[in-house]
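The values are calculated or read from the model by the stated rules, or taken from the named source; none is laboratory data. The structure displayed is predicted, hence computed values, not measured ones. Positions of Cβ are generated from backbone atoms using ideal geometry, with glycine treated the same way; all protein chains shown enter the neighbour counts.
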Amino acid sequence: MASPDGNGGPYDVIVVGAGSAGAVVAARASEDPGRSVLLLDAGPDYPQLAATPYDLVNAYRNSVTDHDWGHEYRPTAEFPLTPFPRGRVTGGSSAVNTAIALRGLPEDYDGWADLGNDEWAWERVLPAFNRLERDLDFGDAAYHGDAGPITIRRHPWEELTETHQAFIEASRALGYPDQADQNDPDGWGTGPQPMNKLGRLRVSTAIGYLGPARARPSLRIEGETHLRRVLFEGRRAVAVEVEQGGEVRRIAGSLIVISGGAIQTPPILRRSGLGPRRDLEGLGIEVVADVPGVGANLCDHPMATVQVRAKDPSVASEELPIIQTITRYTAPSSAAYPEHRNDLQIELLTFSQREGMAGVFSIAAVLEQSYGRGSVRLESADPHAQPVIAQQFCEDDRDTLRLVANYRDCLAFARTAPLSDYIAEVLVPESGEPSDEELASMLRRTARSGYHPCGTAKMGPAEDAEAVVDQYGRVHAVDGLVVADASIMPEVPRANTNLTSIMIGERIGEWIRTRSGDYGL
């Protein structure tokens, strides 16, 4: 065990980013009492739940201001820059999100395995999914867990708001089956969302994982610590350069784990000298290794909403849970493609989080399996410069075709009783009966992110020119450096990405603890 000297290390493991995956990596790795682990985060750390700000506790809505990175992105070629919320606090986006606890489909993870990542096949990731959860409804099922750090439950009928009850009843009228457990690997249809919250309390990784781990002598957590870059000796990562309290520090570590998420990890790697050579040299960054895939392959879920004004504004109150139900199903054009199963979602959003939209709720169409790819890059070597986030939603006609069908299905919900009984008028789309061509044109202009970015440091075998890390998270081009977060997903799963990110943290954290020699420890 390296014995940190209190003034820059060395530590056995330094984890940068205490979010959905990073907090888990640190918690699992520090279970070894002989291993010193330092967990750093750019945002504040709240060790006590009683002192945690309300926006982080209140899972009824997203926190998009108080603990946010302030990112902006361009979802389509015609859409102006718009906010892209990401959590800047211990717990990361798991501390600010909607607390949806959906898994991807078995085919998602088997698809990762088919790309040369056999450790991520469904049968191998399922134990980690089970280990991370305490499912209060289906914990006795073989594909669930009942004793993990993240508590998951579903709103029973009597807890659903009027509009969410009406959503389920309209779904039945439209012919969708009921699905009580949306994490049933074979299921589809409409039912309550599995959610990692208890009442209003959002059970983030900061609460579920770091809470119990804080007492360990092997773990040290430091918030308000901004990473400038990873430092190398030759091609071996040996330390991190950080800013704390206005001062620049160097902290040494035997293994550096980057868990900045799909938006922050590419800038960290690029500032550290790992990325496309031409881009780095253009910014005056010394090149450690030419890694073309850093910041490429940005995957996400494009979405669009049917916005409606409620007859009674109280049913769209911000004091109600914003999400409770979901429909998962397969696009008609995807029926012949098993790899596209459950490629569409429909969700009712109880209220609009935009200013000046009181009394408005939405029905969201979300494309879960998409072909479009964007990028995350830098225009400045300044460690505080914002990354340039560019999506390419609906530029692939295969995506547009299915999102049009998805959006039309949302319109059908809005016109079907009893949900339609709550609607005074449809605000968007303005045309009451848009054609498919009109919808396609609208979506190419206005599709936005479901806020599930991933893929920007994809894993794959060394012969894959776009792969940044191997299937164990180890960066191909250098030694002593690992990436463990949503950026290593080669493709976006057909689900909100928080639970999959936690699963990634579980697996890599366990490997660091139990197979330390594979990581040079």
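The table below lists the values:
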read-out: Hits in region 165-190 (condition: on the phi > 0 side of the Ramachandran plot and buried (at least 17 other Cβ atoms within 10 Å of the Cβ)); value: 189
read-out: From 236, 216, 228, 202, residue being within 23 Å of residue 320 (Cα to Cα) and charged (D, E, K, R); value: 202
read-out: Strands (runs of 3 or more DSSP E) enclosed by region 129-236 - at least 3 residues per element that are over 30 Å from residue 479 (Cβ atoms) and touching a helix residue (DSSP H, G or I) at 6+ places or on another chain (Cβ under 6 Å); value: none
read-out: Any chance residue 485 is among the charged types (D, E, K, R) and touching a Ser or Thr at 6+ places or on another chain (Cβ under 6 Å); value: yes
read-out: Any strands (runs of 3 or more DSSP E) falling wholly within region 1-106 and containing at least 3 residues that are touching a residue at least 24 places away in the same chain (Cβ under 8 Å) and more than 23 Å from the chain's Cα centre (by Cα); value: 11-16
read-out: Some residue of region 46-59 being buried (at least 24 other Cβ atoms within 10 Å of the Cβ) and closer than 27 Å to residue 154 by Cα; value: yes
read-out: Test: residue 199 is without any contact (Cβ under 8 Å) to a residue 24 or more places away in the chain and within 24 Å of the chain's Cα centre (by Cα); value: yes
read-out: So residue 257, is it assigned to a strand (DSSP E or B) and under 29 Å from residue 72 (Cα atoms); value: yes
read-out: Only listed residue being of a type outside the set (Phe, Trp, Tyr), surrounded by fewer than 23 Cβ atoms within 10 Å (Cβ to Cβ), more than 30 Å from residue 354 (Cα to Cα) and outside the structural domain of residue 44 (by TED's automatic domain parsing), chosen from 271, 235, 277, 228; value: 277
